[in-house]
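I have placed the structure first, in the form of C-alpha cells, so that the comments after it can refer back to it.
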Amino acid sequence: MATATPQVERRLGASGLPFAARGLLWGLGGFVLGAAVVAIIRALAGVGAWRADQAIVVGFLFSVPAFVLGVGAWETWGRGWFGLETYEYDPPGWRRYFGFNLDHKVIGVQYLVTFLTVFILAGAVAMLMRTELMDPGRTVLGPASFTRFMSLHGFLMVLVAVTAVPGAFGNYVMPIMVGAEDMAFPRLNALSFWLWPPAILLLLASPLVGGWDTGWTGYPPLASVNNLGQIFYALAFVVGGLSSIVASVNFLTTIVKMRARGLTWGRLPIFVWAILLTGVLSLFFTQSVAVAVTMVTLDRIVGAAFFEPLLGGAPVLYQHIFWFYSHPAVYVMVLPSLGVMLEILPVFSRKPLFAYRWAVGGIIGISVLSGVVWAHHMFTVSALSNANAGFMLSTEAISVPTGLVFLSAVGTIWRGRLWMKVPMLFALAMVFNFLIGGITGVFLSDIPADYQLQDTYWVVAHFHYTIVGAGIFGLFAGIYYWFPKITGRMFDERLARVHFWMMFVGFNLTFLPMFWLGLNGMNRRIADYQPELAPVNLFVSLAGFFLGASFLVFLWNFVVSWKKGPPAGPNPWGARTLEWQTSSPPPKLNFEGIPEVVGDPYDFAPDAPRHAEIEVGGER
Amino acid sequence: MSGRRRDLVVTGALWVVLVIVGVLVVRSVDLLPALRSEEGAEVDLAFNTLLLYSIPVFAFVLAVLLYSVVRWRVDEPETGDQIRDVPAFSWGWFLVSTALAGLIFVTPGLTGFFALQSAATEEPDLEVRLTGVQWHWDVEYPEAGVALEAPQEILLPADRRVRFELTSADVIHAFWVPAFRLKQDAIPGETTELIVTPTEVSSYDADPNVRLQCAELCGTGHARMYVPVRVVEPAEFEAWLTGAAMGMGGDGMDMGSDGMDMGGNAGHDEG
Amino acid sequence: MTVHGAAHHPPYAELHRFGLRLFIASEAFLFGVLFAARFYLLGFERAEAVNVTLGVVLTIILLTATWSSHRAAAAARAGDRGAMQGQLLLTMALGVLFLALVVVEWSAGFREFPISTPYGSIFYLITGTHSLHLLIGLFVLASLFLQARRGRLGEGDVWKVEGGVAYWQFVDVVWLFVFTILYVL
C-alpha cells in the first residue's frame, strides 16, 4: 500500500484479457462458488441441495468481490492484504476506462458514461410504458409486463438520480475545485465505481426471472411473495448502497482534509458544499435501506417473520426503515444538481453568487431536516394519527431552507449580465422546474390535501419535476458546463440548443398534465385507467416521446463532439473556480504546481484578485 | 425614474399581472373533479387554499426570471453588478418564507387535520368492512349480516355517516374513492378505519370517480382493482340490504359474486 | 502512482483516521436502525429461552479481545513487532472462539426461537450482522498479521494497525449494545 511499493505499471499486452472481461469471469466464478457453498450447506442439513433464491443471493454476494478483484483490484489492492507487492493499473488510451483505475478523472468519466447509458435504457423503458398508456385497455404490454417495466424504470432511474451527478462531477470536478491532486482514497474511489456494474447487470438481467412488481419502493408483503426479480432488486440496492457509503467517506475526507491552502469554508465553491452535504446524507442514511431490503430478503429466503403478519411481523416497519433512507435520498438526488445550478448561474451572470451564506445555510438546513420527515410518505398508513401532524410540520419547515436556494438563484441573476450559453439555459430551466416541483410538494405535505393526492399521478408529476426537472436537468447542465473541461473539446452549440429546447418543452408538456390526471382519479403505477382520462394520457404520451427524442440529439452531439469537437481551451466560460485554472483535460495530478486560494470564487469584478494562484515549479 | 427603480417597478408590475393571470387560470380550469362526500370538503378547502397561496410565490420567482432574462441578456460576456447580498432582502425572504410555512402548517394543515379528526369521532350510522384481496374487494355489512365476495358494485346510502373498517387478506391495498377524496391503506394483520358521508345519489356510470379504487401498488391486477360505488337514497339502501340479508340466509352469497371480471382479476391475462 | 504528501496535504495517516471515523459513524447508524427495528417489532419483550450465561461468556471474550487489540496497537506504536504479532494472534483467536460460540448458540436457538418468529428474526439478524462485522475485523487483523510477518509494516505504518484495531474495538463496543438489548432487556 503506501509503503515502499515500487511503481510497476502493469500493461496488459495483446495476450492478456482486458480487466473488465477478467472481472466478469472471476465474478462468474464467485457466483458458482457462492451457490456451491449454499448447496453444500443445504445438502449437509439434508434439505435438498438446490434452492434458487438462496443460491442467487449468496452467489451474488460472492461474485461482487470476485468481480471487483478481477477488474484489477487484486493487483492494485488485494495483493497488499497478503503482504505482496501491488501494482497500479494505468494503461494509455481507452483501456484505462476498463479496469480498476485510481485516477479520479478516469473514475468520473466511468461514472458519467455508465449512468448515461443506464439513463438512456431506463428512458427507453419509459417510452414503452407511455406506449402502453397511450390509450386505455391493453396496448402493447399487458398489466404484468407493465408493472415490471414500471418497477425497472423507477429503480434504474433512482440509481441514476442518486449517482450520476455526484459520481461524475463529484469525482471529476470536485477534487480539482478544492485544489487536490486526487481524492483522499483513490482505491476506495475505484471500488465505489466498480461495485456498480454487477448491480446494474443484475438489474438488467432481472426480466429473465420475471422482474419484480413493487416499483422502486419494494413494499412487503407484496415484495415477500413477488417474483425472484425482487431479490435482484434487493441485492442491487445493497451493493449500490455500499458504493454510496464508500464514496461518501471519500468525498467527505477529501473536502474536509484536502482543500488547497487558503480555501477556507467561506470560499468553498457552492457545488463542493452540495457534495459535502450529499456525502453526509448518504453516509448515514444509506445503511437503513440496506437493512430494509435485507429484512425482506430474509423473509423470502429463510422464512423470517419481519414483515409477515401471519407470523407476527409488521409490514409497516418496512416503510419506516425504507423512507428513513429514501427521503434523505431524494435530497441526495437534487442537492448536487442544485449545487451545479448555483455554480453555473454566477459564471454566466458574471456576478457573485447572491447571499452565499444563506445558500450554504439552505443546503445544510435541507440536509438536517431531511432526516426527520420520512413519515410524510406514509400519511395514509394511518391517516388521522397525531404523529402525522409532526411530520407535516417538519416537511413544511423544509420549504424554508429550500427557499434559500431560490433566494440565491434569483438574487444572482438579478442585475447580472445573462450570457445565455447552454449550461445557463439548463440552470435557468432548473429554477423554473424546481419551483413547480417544490410548490406541488407542499400540497403533498398537507395532510388533508394528501388524502386525495397520495399515490396518484400528482405524486408522479411532483417527483418528476424535482428529480428530473432539477436532478436530471442539473446532470445535463453539468455535462454541458464541464464537457470542455473533461474532453478538452467544445460541443456543437446549435445541437445543444436544440436538445435543450426539446427537453425543456417536452418535459413540461409531459409532466404538467399529470397533475391534472392525479387530481382526476388516476392513481400511480397502473397499466390501465378510466376511459375518460384517455385524451390527456394520449397527449402525455406524445409529449413523452418528444422528450425521449431530445436525448437522441444529445447523444449524437455528445459522441461526435467528444471525438471531433474544436479544442475548447482551459477556460471557455471565463469561470474563476480552480478546475478552470488548469488545462483541459487537466494533467494527471490536476495542476502544474501547487494551487493556493487567495480570493473569492465568484468575484467577477474586473479588478478582483484571482480565486487562486498556482505556484509552478515548487514541487516537481 | 432611475434604472434601478424602473427594474423594480416593472418586475413588480409583472408579478401583479402574473398573479392575476394565475388566479384567472385557476378559476377557469376545473382542477378538482366533482366532490361527493362531506369530509372531502376539508380536502378541497385545503387544496384550494394552498393553490391560492402558491400563485403569488410562483409568480414572484417567475417574474424575476422572465424580467432578468429579457432585460439583462447579453451576447458576449460582460461584467454584472457586483451585488453579494442585500441583507434586508435576504432576511425579508427568510422571514416571509418562514411565516408562509408556519401559516400553511396552521391552516389549511392543522385546521383541516383537526376537522377530519373530529369528524371521525362522531358515531357512524353504518359499518362496512372492506377486505382487499389480490385483486378485488370483499365487502361486509356486519349489522345486517351481509357478506359479499368480490361484488360487482358497492352500495352506500346517501347522507349517512359510513365507517369503513379496512383490512387486507394478502398485501397492502388502499381505499380510495376519488369523488370522496379520502384515502386509507388496508394493511394485512391490522384494521384501519375511515369515515365518510356520501352527500348525494351518484353512480360510477355517471361519474367514473365514484369507484373504490385500490391506491397502493398490489401487483399485476392493481390498475383494475376497482369496483363501482353506487350511492342511493337511504330507503332504497335499506331495502336492498334487507333483500341481501335474506339472500344470505339461503345458499349463501351469490349476491353479485360473479363480479370478478369487472373489478377483479384483471391481471390473469398474462403470466 | 499518485504521490501524496505534497506540501498542502495532510499525511495519509490523518486522512485514514478521519475516513475510518466516518465509516464507523455510518456503521453505528446501521446498528442503530437494527436496534430501533427490534423495539418496534418486539417492544420490551425478550425470549425467555435466550441463553444469558452464554451471552455473558461472549461479552467477556470480546472485552478480553478489546484489551488484547489495544495491547497490539500499543506494541505497534512502541515498535515492538513481536509483541504486536502476538497480541494480534491472541485477539484473532478470541474472535474465532466467539464465532464458534455464536454457532453453538444459534443451533440451540433454532429450536427455542426459530427464525420464523419475530424474536428469532430480530435475534439472528442482529447477531448475524454483528458476527459478519466481526468476520471482517478478523480479516483485517489477519491481513495486518500477514503483512507484519512479511516485513511489510514499517515505521510509518503504525496507523494501519491502529485503524484495524479501532475497527475491531468498534465491533466489540457494538456487542455491548447487542448484549444489552437482546439478553438483558
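For region C:12-184, the Kirkwood radius over C-alpha pairs fed into Stokes-Einstein at 25 °C and 0.890 mPa s yields D = 145 µm² per second.
Take every Cα pair under 8 Å whose residues are at least 6 apart in sequence, average their separation, divide by the length of region C:12-184, and the relative contact order is 36 percent.
In summary, the convex hull built on the alpha carbon positions of region B:126-269 has an orientation-averaged projected area of 7.9 nm². Among the chymotrypsin sites (Phe, Trp or Tyr not before Pro) in region C:18-122, those placed in a DSSP loop whose Cβ has at most 13 other Cβ atoms within 10 Å are C:PHE44. Taking the C-alpha atoms only, the angle from helix B:3-28 to the longest principal axis of chain B is near 20 degrees. A cut-off of 5 Å between modelled amide H atoms, ignoring neighbours fewer than 5 places along the same chain, links A:ARG261 with A:VAL597.
Mean partner shielding of peptide A:238-250, defined as the number of other chain Cβ atoms within 10 Å of each residue Cβ, is 2. The mean sequence separation of alpha-carbon pairs under 8 Å and at least six residues apart, normalised by the residue count of chain B, gives a relative contact order of 20 percent. By how many degrees, between 0 and 90 and to the nearest 10, does the Cα long axis of helix B:111-121 differ from the longest principal axis of chain B? Roughly 10 degrees between the two axes. In terms of accessible area, using a 1.4 Å probe and ignoring ligands and nucleic acids, B:SER28, A:SER367 rank largest first as B:SER28, A:SER367. Helix-only arithmetic for chain C: the sum of -39500 (n - 2.57) across DSSP H runs with n ≥ 4, divided by the residue total, places the mean residue ellipticity at 222 nm at -28000 deg cm²/dmol. Here the Karplus curve 6.51 cos²θ - 1.76 cosθ + 1.60, taken at θ = phi - 60°, turns the phi angles of region A:455-464 into couplings of 6, 10, 5, 4, 5, 4, 5, 4, 6, 6 Hz, with x standing for Gly and Pro. Spin-label pair C:PHE139-B:ILE20: with each label point 7 Å from Cα along the Cα-Cβ axis, the two points sit 7.0 nm from one another. Take each residue in B:123-135, count the other chain C-beta atoms within 10 Å of its C-beta, and the mean is 0. Helix B:40-71 axis versus longest C-alpha principal axis of chain B: approximately 30°, rounded to the nearest ten.
Which stretch or stretches of region A:147-162 have amide N atoms under 19 Å from the point lying 7 Å from A:ALA124's Cα along the Cα→Cβ direction? Flagged as within label range: A:147-161. Modelled spin labels at B:GLU76 and C:SER107, positioned 7 Å past Cα toward Cβ, are 8.5 nm from each other.
3J(HN,Hα) along region A:183-196, derived from phi through the Karplus expression 6.51 cos²θ - 1.76 cosθ + 1.60 where θ = phi - 60°, amounts to 6, 5, 10, x, 5, 4, 4, 4, 4, 4, 6, 6, 6, 6 Hz, with x in place of Gly and Pro. Report note on the peptides A:116-122, C:90-96: ranked by the mean count of other C-beta atoms within 10 Å, highest first, their order is C:90-96, A:116-122.
Test of understanding: what is the full-extension gain from A:LEU61 to A:ARG95, defined as 0.36 nm times their sequence separation minus their Cα-Cα distance?
Using 0.36 nm per residue and subtracting the Cα-Cα distance, I get 9.5 nm.
Using the Karplus relation 6.51 cos²θ - 1.76 cosθ + 1.60 with θ = phi - 60°, the per-residue 3J(HN,Hα) values for region C:170-185 come to 4, 4, 5, 5, 4, 4, 4, 5, 4, 4, 4, 7, 9, 9, 8, 5 Hz, with x marking Gly and Pro.
In whole percents, the pair-distance distribution calculated for region A:109-209 from its alpha-carbon pairs, binned every 10 Å from zero, is 14, 38, 25, 14, 7, 2. Computed over the alpha-carbon atoms, region B:7-90 gives an Rg to Rh ratio of 1.17, Rh here being the Kirkwood radius from the mean inverse distance. Given a 1.4 Å probe and the protein chains as shown, A:TYR331 ends up with an accessible area of around 30 Å².
Ranking of C:ARG21, C:ARG152 by solvent-accessible surface, largest first: C:ARG21, C:ARG152 (1.4 Å probe, protein heavy atoms only, all chains present). Taken residue by residue and averaged, Cβ atoms of other chains lying within 10 Å of the Cβ of C:70-83 number 0.
With the helix formula -39500 (n - 2.57) applied to DSSP H stretches of n ≥ 4, chain B reaches a computed 222 nm mean residue ellipticity of -13000 deg cm²/dmol. How much of the calculated P(r) for the protein assembly as shown lies past 46 Å, in percent of all Cα pairs? Summing the P(r) tail past 46 Å for the protein assembly as shown gives 34 percent. Here's how it looks for A:ARG489: its modeled amide H is under 5 Å from those of A:ALA568, which are all 5 or more places away or on a different chain. From the P(r) of chain A, can you give the percent of Cα pairs sitting at distances over 31 Å? Percent of Cα pairs beyond 31 Å in chain A: 52.
The values are calculated or read from the model by the stated rules, or taken from the named source; none is laboratory data. None of the values given here were measured: they were computed from a predicted structure. Please note: Cβ atoms are built from the backbone with ideal geometry, for glycine as well, and neighbour counts cover all protein chains shown. For the accessible areas, the whole protein counts, side chains as well, though only heavy atoms, and no ligand, DNA or RNA atoms are used. Shrake-Rupley method; radii C 1.70, N 1.55, O 1.52, S 1.80 Å.
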